[in-house]
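Since the structure comes first, as structure tokens, the remarks are kept for the end.
The values are calculated or read from the model by the stated rules, or taken from the named source; none is laboratory data. Computed from a predicted structure; not experimentally measured. Note that we place each Cβ from the backbone using ideal geometry, even for glycine, and neighbour counts take in every protein chain shown. When the accessible area is computed, the model is the full protein with side chains, heavy atoms only, and any ligands, DNA or RNA have been set aside. Shrake-Rupley method; radii C 1.70, N 1.55, O 1.52, S 1.80 Å.
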Amino acid sequence: MEKNNIKKNNVYISEEEKTLNWDEIQQSFQKVFGKEVYTSWLQKISLVKEYNDYLILGVPTRFFRDWIVSRYLDKILEQVKNFKLSLNRIEFKIVDENKNSSELTKIEELNKVTEIKDSLLNYNRLNSNLNFENFIKGKSNDIALSYSKKVCDHLSRYNPLYICGGVGLGKTHLLNAIGLELQAENNVMFISAERFMYHFIKSIKKNDMVNFKDFFRKSSVFIIDDIQFIRGKESLQEEFFHTFNSLMDKGSQIIISADRTPMKLDRIQERIKSRLAGGLVVDIDVPDLELKINIIKKKIQEIEIQFKEKINLSEETINYVANECKTNIRELIGILNRLIAFSRVHNKVLTVADCKSILKDVFTQIRIITVDKIQNIVSNYYNIPLAEMLSQRRSRPLARPRQIAMYLAKKMTTRSLPEIGRRFNNRDHTTVIHAVKTISRLSEQDDEMRKNINQIKSLLLDQ
Ligand code: ADP
Ligand code: MG
């Protein structure tokens, strides 16, 4: 790999993958963000690696990264998308180029932070592309969609409206659509729970809680995305609780999204959970085939209009993609973009066989790995009954596979330690920590162990 890489103006990507001209994008940043923001921030971002649908960008410090993510990420994404249609994600990596001068630059950066006028309004951006017109209705989202519309016609009737569902199923899209619909006649605040926290911490540091409270409590429509983010963060929950109550008291409409139902939110105060569940809870399910096909067709139509070109994808390929993509709508759109880019570059009408080979990696990468799957595969691999592996017995032939399964559950799923413990016959999270540590250490020291783990991993990714 290393050999093919080139280094030019901070651009590190392998030759054959290279499609982006980072200098050109930087120039466009300057236009879009203005000179001051550009020279303080954007200019320092380098392109580390380019993938089909995402980029890794290099930034000098963690602080720098957090700042960029919370203020400029959406706009950066939007801007780079103009150069790379298939892009749907950006990740940041800290590239510590000049370690020696770090202290100095940190101080400089901190000064600049206060210089840039930190208008809270900056966070309140709604994306005009995520509206009701282009949200396709299907069996899985029918109820969520219809109540999202109803809430716009009857403010405060369903309060709060709580929309839940897994990643990439359209929650943010709906929240955004509600915001767009209401913004002309209401004071709409639209924020992710993560950004809410960011402001909260910043206001505490600046000793400016009064402004913070005023700002969030003056909205007549308060939309907060991904509330599960506040799990385990006590002081943030406290603040959210008061914001919530004071908004409800003055009759503001609240709309919330989360990745699960209120009662399933762990590490959130009971009183908050019951407030969240106190209005109307609607959920979005995984899309069925029909919805996936309709979304693909709609997206193709949008791209054809936007870029004034004909996209040649047969019914058969559309069906194939819709059938294969089992995870979520975000992935579906990512995959579609990838196929379109390929057919453009090669100027070719894609067959199902083409799609298969283009997407071979994608479909294996995005297969969802669950704790159940891990447990099944590990117990099969070691040829022991699953019940034995999960049991309380401590003999080595059972304990090791059990620990390996816990270790993989931590590494390959997004489950928390307590959640993993619970799935292993209600064990404590400290047992899981111990397992993760033990297996990490063994796989470093012991070749056999490392080999076994790699084999299990590939079994998990292959199925
Ligand atoms: P979530 O917030 O639930 O993770 P998003 O709202 O970000 O998901 O949706 C992921 C992507 O899928 C977005 O590009 C969104 O516009 C698109 N999408 C989701 N559901 C639909 C739908 N029913 N019709 C059209 N696009 C959709
Ligand atoms: Mg979202």
Point-to-point label distance, Asp74-Glu309, nm (Cα→Cβ direction, 7 Å offset): 2.8
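Pop out the carbon and sulfur fraction of the accessible area of the stretch 302-455 as a percent, whole number, probe 1.4 Å.
Values: 4290 of 8670 Å².
That share works out to 50 percent.
Determine Rg/Rh for the stretch 379-463; Rg is computed over alpha-carbon atoms and Rh is the Kirkwood hydrodynamic estimate from the same atoms. Walk me through the numbers on the way to the answer.
On the way: Rg = 12.1 Å, Rh = 13.0 Å.
The Rg/Rh ratio comes out at 0.93.
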How many nm separate the modelled label positions at Asn454 and Ile143, each set 7 Å beyond the Cα in the direction of the Cβ? 4.8
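Quick one: of Lys139/Lys292; Lys171/Lys264; Lys233/Lys411; Lys150/Lys264; Lys218/Lys250, which pairs are farther than 21 Å apart, Cα to Cα?
On the way: Lys139/Lys292 11 Å; Lys171/Lys264 17 Å; Lys233/Lys411 23 Å; Lys150/Lys264 26 Å; Lys218/Lys250 9 Å.
Exceeds cut-off: Lys233/Lys411; Lys150/Lys264.
If the stretch 152-306 were replaced by its equivalent ellipsoid, with semi-axes equal to the square roots of 5 times the Cα gyration tensor eigenvalues, what would those be, largest first, whole Å? Each step should come with its number before you reach the end.
On the way: eigenvalues 165, 66, 50 Å².
Rounded to whole Å, the semi-axes are 29, 18, 16.
How do the peptides 434-441, 250-257 rank, highest first, by the average count of neighbouring beta carbon atoms within 10 Å per residue?
Working: 434-441: 16.6, 250-257: 21.1.
In decreasing order of mean packing, 434-441, 250-257 become 250-257, 434-441.
Kindly give the semi-axes, whole Å and largest first, of the ellipsoid equivalent to the stretch 156-207, taking each as the square root of 5 times a Cα gyration tensor eigenvalue. Please report the intermediate quantities before stating the final value.
Working: eigenvalues 115, 55, 23 Å².
That gives 24, 17, 11 Å for the three semi-axes.
Determine the per residue accessible area of the stretch 303-450 with all protein chains present and a 1.4 angstrom probe, expressed in square angstrom. Mind dumping the intermediate values first?
Details: 8300 Å² over 148 residues.
Result: 56 Å² of accessible area for each residue.
Sum up the charges of everything whose Cβ sits under 15 Å from the Cβ of Asn159, counting Lys and Arg as +1 and Asp and Glu as -1, but leave Asn159 out. Show your work: numbers first, answer last.
Numbers: positive: Lys150, Arg157, Lys250, Arg275; negative: Asp153, Asp249.
Result for the local shell: +2.
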Helix-derived [θ] at 222 nm for the chain: sum -39500 (n - 2.57) over DSSP H runs of at least 4, divide by residue count, nearest 500? -17500 deg cm²/dmol
If you roll a 1.4 Å probe over the heavy atoms of the protein chains, what accessible area per residue do you get for the stretch 154-206, in Å²? 40
Enter the mean projected area of the convex hull around the alpha-carbon atoms of the stretch 331-422, in nm², rounded to one decimal. 7.9
Note the full-extension length gain between Asn425 and Leu461 as 0.36 nm times their separation in residues minus their Cα-Cα distance, in nm to one decimal. 10.5 nm
Farthest toward the dipole's positive end in the chain, which of Leu169, Phe190, Ser246, given Cβ charges of +1 (Lys, Arg) and -1 (Asp, Glu) about the Cα centre? Ser246
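Among 407-419, 126-138, how do they line up by average Cβ neighbours within 10 Å per residue, starting with the highest?
Details: 407-419: 18.2, 126-138: 15.2.
Peptide ranking by packing, descending: 407-419, 126-138.
By average Cβ neighbour count within 10 Å, what is the ranking of 286-292, 87-93 from highest down? Could the numbers behind the result be given before it?
Values: 286-292: 17.9, 87-93: 16.1.
Listed from highest to lowest mean packing, they are 286-292, 87-93.
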I want to check the label-to-label distance for Thr438 and Met263. Put each point 7 Å from Cα in the C-beta direction and report it in nm to one decimal. 3.6
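As a test of reading the structure, rank Lys149, Lys457 by solvent-accessible area (1.4 Å probe, protein chains only), most first. Walk me through the numbers on the way to the answer.
Details: Lys149 90, Lys457 65 Å².
From most exposed to least exposed: Lys149, Lys457.
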Alpha-carbon centroid distance for the pair the stretch 209-252 / the stretch 370-434, whole angstrom: 38
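Compute the semi-axes of the equivalent ellipsoid of the stretch 119-223, taking the square root of 5 times each eigenvalue of the Cα gyration tensor, and list them largest first in whole Å. Walk me through the intermediate numbers first.
Numbers: eigenvalues 148, 44, 30 Å².
The three semi-axes for the stretch 119-223 are 27, 15, 12 Å.
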Based on the Cα coordinates of the chain, what is the per residue volume of their convex hull in Å³? 187
Counting Lys and Arg as +1 and Asp and Glu as -1 over every other residue whose Cβ sits under 15 Å from the Cβ of Pro397, the net charge comes to +3
Binned at 5 Å from 0, what are the whole-percent values of the Cα-Cα distance distribution for the stretch 289-357, short to long? 3, 17, 32, 28, 15, 4, 0
